Protein chains: 2
Amino acid sequence: MADLQHEPHDDGLVLPPDTSPLGPIEQTPLKVQIADRLRTAIVTGKLKPGAVLVETALAERMNVSRAPIREAIQILENDGLVETVAYKGRRVKPLSVREVSETYDMRQIFEMRAVRRIIERKIPAGALWQPCQDMERAAQAGDREGLVAADERFHRMLITLADHQLLLQSWNSIYLRVHQIMALRNDRRVPLTDIAANHPPIIRALEEGDMDRAVGLIAEHTRSLESFDPATIAGAPQ
Amino acid sequence: MADLQHEPHDDGLVLPPDTSPLGPIEQTPLKVQIADRLRTAIVTGKLKPGAVLVETALAERMNVSRAPIREAIQILENDGLVETVAYKGRRVKPLSVREVSETYDMRQIFEMRAVRRIIERKIPAGALWQPCQDMERAAQAGDREGLVAADERFHRMLITLADHQLLLQSWNSIYLRVHQIMALRNDRRVPLTDIAANHPPIIRALEEGDMDRAVGLIAEHTRSLESFDPATIAGAPQ
DNA sequence: AAATTGTCGGTTGTCGACAATCGACAAACG
DNA sequence: CGTTTGTCGATTGTCGACAACCGACAATTT
């Protein structure tokens, strides 16, 4: 497997800690805990695209057998974050320029549909003001992390309001990659206030039931973050 | 696990055969073969919603250990066809009316987006005529299965032309459930010719680059098959 | 030197056995 | 009789060991 990875960034890696509140009592299966930890490590950029996941190594580090590690990795494979080559190895799925673009495109599809449903069904959109205000506050405080978190709450709330389980599920899956992409390109150029300013008009259009304007605004907003530097997300080749 | 299933439709079940062409030579992992067979059984209705999947039983029937069975079932879980309750059991995911509706809604989202992309990028849509003609031939011959197969080829081709890997992947996942739903409600009422007649106008609109008409037609077409009888898809309660 | 073959380390695939957990029922107790 | 407790069967969760497979390199042959 040595030739799947090009730089042995194997050493300094610290996986997210097991943050169980009380310690010995654990009722969620190991595989789920492990999957959560690995997923967090991937979407936060601690495990970069191309990083190799060796079952035996992970098992030894986490003091468990290979079985739960295997299942955890397979869960991540379902999320599309990891790919497996039989008898060769497993690695964090490299991100191509195309995949990044397609990921944002899917996000746009989902959010546009959510907007359509909210207006069609006349669903009250007032719950969106809360994360929107959080964003403004974070923007003024220069709290980039807080802003990103509030932004995600806004978009998740948007999808949730649409009351469409499959849509929410698909959006969640896509948003994992959005997370990962944002973590990899540490892009500090986009002004905070610009992002925050996009949301209030969307809410207003939703509340006024103006379908065309709402859909146009969300389409524009979800397209605005597509640009990125390919070099920052380069994983292993091919 | 006896109380998750209400009728023991365990006996007469015959899983799809292992159709390896030459026999002894097998290079695809067992888990993949098993997953394929089980998936086929589910989407063709041989394994109905609510049917219980017991690892030991399947392992014994297929003459393998529990490990590949486990992984196969987990793959199906990723496809959304199976659900697992830890330490209790696994079963084919019951289909609610809501899920069926949402499934068709997702399909509509995806196909509408495909149509948009094809027109935006001026992609030639001539490849759609082939399955379309197949459908007409099958319709006139009264070959319902052939028509359904050609219909799927038409829609898959539509998505493929859009040249969007994530979209294709998501569509495939959703279409698994469409398959399953169609297999469960053996609805022979919809006239064959009606379905076949829908496609040519769509292709023409695509070739003429008429965005509004094409999107409207595909939206109407993908909505037309939503009605169904809840009783035919009832699985285990809750 | 070039091509073929053999061998080896590394990784996942598969296996059989045991532990953990849950639900239901029986048993004991008030 | 009602409630609690214990036990049991069923099922998945986890484990350690071995087999299958791939890639690369050395050994051998021509």
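The values are calculated or read from the model by the stated rules, or taken from the named source; none is laboratory data. This structure is a prediction, so every number in the text was calculated from the model and none was measured. A quick note on method: Cβ atoms are made from the backbone with ideal geometry, for glycine too, and the neighbour counts reach across all protein chains shown.
Taking region B:103-135 as the region of interest, how many residues are surrounded by fewer than 19 Cβ atoms within 10 Å (Cβ to Cβ) and part of a loop (DSSP other than H, G, I, E, B)? Selection size over region B:103-135: 4. Which of (1) assigned by TED's automatic domain parsing to the domain that holds B:Pro201; (2) touching a residue at least 12 places away in the same chain (Cβ under 8 Å) does B:Asp143 not meet, given it meets every other one? Against the list (1) assigned by TED's automatic domain parsing to the domain that holds B:Pro201; (2) touching a residue at least 12 places away in the same chain (Cβ under 8 Å), B:Asp143 comes up short only on (2). Take the residues in region B:100-116 that are more than 9 Å from every other protein chain (Cβ to nearest Cβ) and among the charged types (D, E, K, R); name whichever of them is nearest to B:Ser173 (Cα to Cα). Out of the qualifying residues, it is B:Arg107.
Any residue at all in region B:147-157 that is more than 21 Å from B:Pro201 (Cβ to Cβ) and away from every other protein chain (no Cβ under 14 Å)? Step through it out loud before you land on a result.
Step one: filter region B:147-157 for residues more than 21 Å from B:Pro201 (Cβ to Cβ), giving B:149.
Imposing the further condition that a residue be away from every other protein chain (no Cβ under 14 Å) reduces the set to B:149.
Yes, because at least one residue in region B:147-157 is more than 21 Å from B:Pro201 (Cβ to Cβ) and away from every other protein chain (no Cβ under 14 Å).
Scanning region A:74-93 for residues that are near DNA strand D (Cβ under 9 Å from one of its atoms) and outside any strand (DSSP E or B), we see that the one that is surrounded by the fewest Cβ atoms within 10 Å (Cβ to Cβ) is A:Tyr87.
The residues in region A:33-68 that are farther than 16 Å from A:Thr84 by Cα and either among the aromatic types (Phe, Trp, Tyr) or assigned to a loop (DSSP other than H, G, I, E, B) (or both) can be counted, and the count is 6.
Taken as a whole, the condition of being within 13 Å of DNA strand D (Cβ to nearest atom), touching a residue at least 12 places away in the same chain (Cβ under 8 Å) and either in a helix (DSSP H, G or I) or assigned by TED's automatic domain parsing to the domain that holds B:Tyr175 (or both) applies to B:Glu71.
If I filter region B:5-13 for residues that are at pLDDT below 90 and among the hydrophobic types (A, V, I, L, M, F, W, C), do I get at least one hit? Checked region B:5-13: at least one residue is at pLDDT below 90 and among the hydrophobic types (A, V, I, L, M, F, W, C).
Report yes if B:Arg98 is surrounded by fewer than 19 Cβ atoms within 10 Å (Cβ to Cβ), within 20 Å of B:Gly216 (Cα to Cα) and either away from DNA strand C (no atom under 12 Å from the Cβ) or within 23 Å of the chain's Cα centre (by Cα) (or both), otherwise no. Here the answer is no, as B:Arg98 does not meet what is asked. Taking first residues from region B:84-105 that are of a type in the set (Ser, Thr, Tyr) and partners that are loosely packed, with under 15 Cβ neighbours inside 10 Å, the Cβ contacts under 7 Å between residues at least 6 apart in sequence or on separate chains come to B:Ser101/B:Glu226; B:Tyr104/B:Glu226.
From the list B:Glu136, B:Glu120, which residue is of a type outside the set (A, V, I, L, M), in contact with a Ser or Thr (Cβ under 9 Å, 6 or more places away or on another chain) and more than 23 Å from B:Val43 (Cα to Cα)? Break it down stepwise before answering.
On the way: B:Glu120 fails: in contact with a Ser or Thr (Cβ under 9 Å, 6 or more places away or on another chain).
Within the list B:Glu136, B:Glu120, the selection yields B:Glu136.
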